[in-house]
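Working notes for the structure below.
The values are calculated or read from the model by the stated rules, or taken from the named source; none is laboratory data. It should be emphasised that the depicted structure is a prediction, and the values quoted were computed from it without experimental measurement. Note: ideal-geometry Cβ built from the backbone for every residue, glycine included; neighbour counts use all protein chains shown. Ligands, DNA and RNA are excluded from the accessible area calculation, which covers all protein heavy atoms including side chains. Shrake-Rupley method; radii C 1.70, N 1.55, O 1.52, S 1.80 Å.
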Amino acid sequence: MLTALLLTSATSLSAALLYAAALLGPDQQGPRNSSRQQAEINPTATAHTAGAPSRSGVTTARLVRLTNDSLAGQPFGAEPTVAELLLDGGKVVARRPCRNLHEAGQVDTVLLLRHQGNTFEFYRAAEKDLLRDAAITNFQPSYARRLRTRMEAAHRPATGVSEQLRIGDTERTNYVSVLYQGGRLSAVHVEPYLD
């Protein structure tokens, strides 16, 4: 999937960087790496690494963690659906079969969909489509504006500061990773829990 992101415009490059930061950064916990044990996250924001100039003079982004059940569980408010995205010009760019873990012999589908520079991955089961992953870099569509409004209410970085914000729920199942560059929201990676 990372390869598919790199083939798109410059906005998708930001999403790829956010994926890399979320997956390869110091914060490798949660359902994708649940064997790691970490201390309980406080309900308030805590800075884990302060932005400091590196030897090359480039300032690194500081990492901030929040616990917010509502925001981690429903970052968009009303979640965009496959049908809505397709009606608004979205395109399915990949489909792949996926064996259903709960129903023997049932094969479901994972859809990779692009809409106005944003990338969504849905798990299509017989009964409904479930959002599995989303990388948002274009904040013009209505779902992205709702997402930005909810992010701004939860956390405001200082002007000119670059931050990585990791928002999780208390059960550590749903995550939202946010990248601020120069104090402005740059990219959001939504990772809802799916069984």
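For the residues Ala78, Ala83, Ala126, Ala72, the requirement of being in contact (Cβ under 8 Å) with a residue 60 or more places away in the chain, over 26 Å from Gln181 (Cβ atoms) and out of contact with any helix residue (DSSP H, G or I) (no Cβ under 6 Å at 6 or more places or on another chain) singles out Ala78.
A quick yes/no check of all residues on (1) of a type outside the set (Asp, Glu); (2) in contact with a Gly (Cβ under 6 Å, 6 or more places away or on another chain):
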{"residue": "Lys91", "(1), (2)": "yes, no"}
{"residue": "Asn100", "(1), (2)": "yes, no"}
{"residue": "Glu103", "(1), (2)": "no, no"}
{"residue": "Asp108", "(1), (2)": "no, no"}
{"residue": "Val161", "(1), (2)": "yes, yes"}
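Taken over segment 137-195, the residue count meeting the criterion of being in contact (Cβ under 8 Å) with a residue 40 or more places away in the chain, charged (D, E, K, R) and part of a strand (DSSP E or B) is 3.
Okay, residues lined up against (1) closer than 25 Å to Asn68 by Cβ; (2) open to solvent by 80 Å² or more (accessible area, probe 1.4 Å):
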| position | (1), (2) |
| --- | --- |
| Leu101 | no, yes |
| Phe120 | yes, no |
| Thr137 | yes, no |
| Ala144 | yes, no |
| Thr149 | yes, yes |
| Gly160 | yes, no |
| Glu171 | yes, yes |
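Of the listed requirements (1) in contact with a Ser or Thr (Cβ under 6 Å, 6 or more places away or on another chain); (2) assigned to a loop (DSSP other than H, G, I, E, B), His102 misses just one: (1).
Tyr180 satisfies every condition listed in (1) open to solvent by 30 Å² or more (accessible area, probe 1.4 Å); (2) touching an Asp or Glu at 6+ places or on another chain (Cβ under 6 Å) except (1). In segment 71-99, the qualifying residues are those that are among the charged types (D, E, K, R) and not in a helix (DSSP H, G or I), and the one that is farthest from His155 (Cα to Cα) is Arg99.
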